[in-house]
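Each remark here refers to the structure printed beneath this line.
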Amino acid sequence: MKNRFRILPWLGLAMVMFLGSQCVQAAEGEALAAPTIQVDKTTIDNGGTIKVTGKAAPGQPVYIEVWAEGHEVRASRFDSDVDKETKKRPYIFYLTSKMPAFYKILVPKDLQPKLDEAKKEGSKWSYSVLLKDLGADIAYTVPAKVAIERYQSSLMASVVGSRGKLLPEMDEKESKKRSMQLVKARFRSIGNVLGASVEVQPDGSYSASLKVNKGSAPGQYKVVAFVDKKVKSEPAVFENKISFPTVYMGNAGTSMNLIYPFVLTLVVSIFGVLMGAGGGFIMNPLLITLFPTLPHTVVAGTVTPTVLFSQGSGIYNYSKIKFINWKLGAGIGCAMLVGGFIGPKLTEMITLDQFKFAFGWILLVLAGLMFWQTTPGYIQKNKKEQAILKEFKKRAEESAKAK
Amino acid sequence: MKVEFWGQEFQVNMVVGCIGGFLIAIMSSMFGFGGGPFMVPLMTVALRLPMYLVVGSSLLAIFFNTSISTMRHYQFGNFDLIFFLAMFPAALLGGYLGPQIAKRVSPMVVKRIACVGLILLALNLLGIY
């Protein structure tokens, strides 16, 4: 009896001490004061460098999240990688239209070697792994919340040209994971989404330079500093201004000086007429190589209607002199109609690298065709053909005039 | 299938034509070009049709493909109006200036230049240089 009574107060004391130390620890956690943040400029003119400064709790690494507010773009990814657990290919198509047009996380400068190492992996880098390695996942908030749709695609769905069955919404964790893959799909290279430029002084004050590339979305950008998942600064705001002829293209998610595509199209379409092929062949790969910020889906989707009109005028000219066989053209045209229905969906399913790869081979085949057309055998045959062609065309023109 | 054109009759193998057209259509609509340079050889070599029948009719077939793929690209949100407006007038102007320049240059030279240019562009896309 006596023993028990003697032990109770000690136990009680131990409890109090334990709880007390817990409280002290919790208090220390809260003591991580929210960092302050300032930007040195409130406006930049079509890109520029912004200096971000502020003060955070001493001894803490600072991560800075930057995104474009108000301009959102589409990002999509077709997941056909073998699942590690089920050993099956999921064939799920992820799509969001709410990805910020600009997104970047700045990490402390001493993490630069890690970034360099990841860059060596080429196009195989993983955004989620890298974020974790750098500790930057605490600053990953904005894309984590975007609404993502996912579709279960199947061969049948591809044949009829649909995206497939809409799957139920994902939970928060899954959605965050997929959003990271979409960030990579959209911004592609490490340099676009991560930078190591935050310098933290021992007293907790930090500074970082943020480079906004030319051609980035205009409008408001928000900057937030993080020292922990929950400890963050108020957003600082600056504005990216662009002026005509540089115009923002909503679907492409970039702004561009309109003179460039104009001149490029002019040159290419003249050249297209000269070599007897539509300009689309050269236009697409050139745009992709010269303007790496343009998504390949938008390039393909916008060049197509441009080509459409020159074809239309060609058909009109031929039909005036009745030089089109409608039965033959429409017959093969119907088969092409089906193909044209399926093709555009495949564009968004492939990545830029696959697009480049396939287009590279198409161009090689085309170059082969062009070369074949300059070989002596072809020229001789072609001369005859051209002579007959001219003869028939003349007849057609005359009979059209006679009417 | 038999087609008649300016007083002559041709036998066309529509199975080959349709399968070829279908494949070319998928490829060209996927990558956003017309498809003429592939259609013309298909119709002249595989279907053995004369050039004068092919020039107009292949254009019509491609037009079917381009119009539906334009629609589909638009539906998927791949179309950017401002970008289009920057390129479209240039394409019209090019279509007007092109034939006038074409009279003064040899098509052989152009094709050889195109050949080299295409190979360079292809190698660039394939990441070889």
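Of note:
- Some residue of the range B:72-89 being under 14 Å from A:A300 (Cα atoms), outside any helix (DSSP H, G or I), more than 7 Å from chain A (Cβ to nearest Cβ) and not β-branched (V, I, T): no
- Residue within the range A:332-340 that is surrounded by fewer than 21 Cβ atoms within 10 Å (Cβ to Cβ), β-branched (V, I, T) and not in a helix (DSSP H, G or I) present: no
- Members of the range B:13-68 found to be closer than 21 Å to A:L363 by Cα, in a loop (DSSP other than H, G, I, E, B) and more than 7 Å from chain A (Cβ to nearest Cβ), listed by number: B:G35
- Condition met for B:A46 (surrounded by fewer than 21 Cβ atoms within 10 Å (Cβ to Cβ) and in contact (Cβ under 8 Å) with a residue 24 or more places away in the chain): yes
- Selected residue [in a helix (DSSP H, G or I), basic (K, R), facing another protein chain (nearest Cβ under 7 Å) and touching a helix residue (DSSP H, G or I) at 6+ places or on another chain (Cβ under 8 Å)] from A:K356, A:K327: A:K356
- Looking at A:A56, A:A101, A:A75, A:A118, just one residue is touching a residue at least 60 places away in the same chain (Cβ under 8 Å) and in contact with a His (Cβ under 9 Å, 6 or more places away or on another chain), and that residue is A:A101.
- Tally of residues being within 21 Å of the chain's Cα centre (by Cα), in a loop (DSSP other than H, G, I, E, B) and on the phi < 0 side of the Ramachandran plot across the range A:194-222: 5
- The one condition in (1) surrounded by fewer than 20 Cβ atoms within 10 Å (Cβ to Cβ); (2) part of a helix (DSSP H, G or I) that A:E234 fails to fulfil: (2)
- A:P113 satisfies every condition listed in (1) more than 20 Å from the chain's Cα centre (by Cα); (2) part of a loop (DSSP other than H, G, I, E, B) except (2).
- Listed conditions (1) out of contact with any Asp or Glu (no Cβ under 6 Å at 6 or more places or on another chain); (2) away from every other protein chain (no Cβ under 14 Å); (3) surrounded by fewer than 19 Cβ atoms within 10 Å (Cβ to Cβ); (4) farther than 30 Å from A:Q152 by Cβ are all met by A:K241, apart from (1).
- Residue check, A:V263 farther than 21 Å from A:V299 by Cα and at pLDDT 85 or above: no
- Candidates A:A252, A:A225 - the one that is closer than 20 Å to A:P143 by Cα and part of a loop (DSSP other than H, G, I, E, B): A:A252
- Enumeration of residues in the range A:278-295 that are in a helix (DSSP H, G or I) and either surrounded by 24 or more Cβ atoms within 10 Å (Cβ to Cβ) or not assigned by TED's automatic domain parsing to the domain that holds A:D353 (or both): A:G280, A:F281, A:I282, A:M283, A:N284, A:P285, A:L287
Per-residue answers, yes or no, for (1) closer than 26 Å to B:L121 by Cα; (2) more than 7 Å from chain B (Cβ to nearest Cβ); (3) surrounded by 24 or more Cβ atoms within 10 Å (Cβ to Cβ):
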position: A:V299; (1), (2), (3): yes, no, yes
position: A:T302; (1), (2), (3): yes, no, yes
position: A:V307; (1), (2), (3): yes, no, yes
position: A:Q311; (1), (2), (3): yes, no, no
position: A:N317; (1), (2), (3): no, yes, no
position: A:K320; (1), (2), (3): no, yes, no
position: A:I342; (1), (2), (3): no, no, no
position: A:L346; (1), (2), (3): yes, no, no
position: A:I350; (1), (2), (3): yes, yes, no
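The values are calculated or read from the model by the stated rules, or taken from the named source; none is laboratory data. Predicted model, so just to flag it, every value in this text is computed and none were measured. For neighbour counting, all protein chains shown are included, and Cβ atoms are generated from backbone atoms with ideal geometry for every residue, glycine included.
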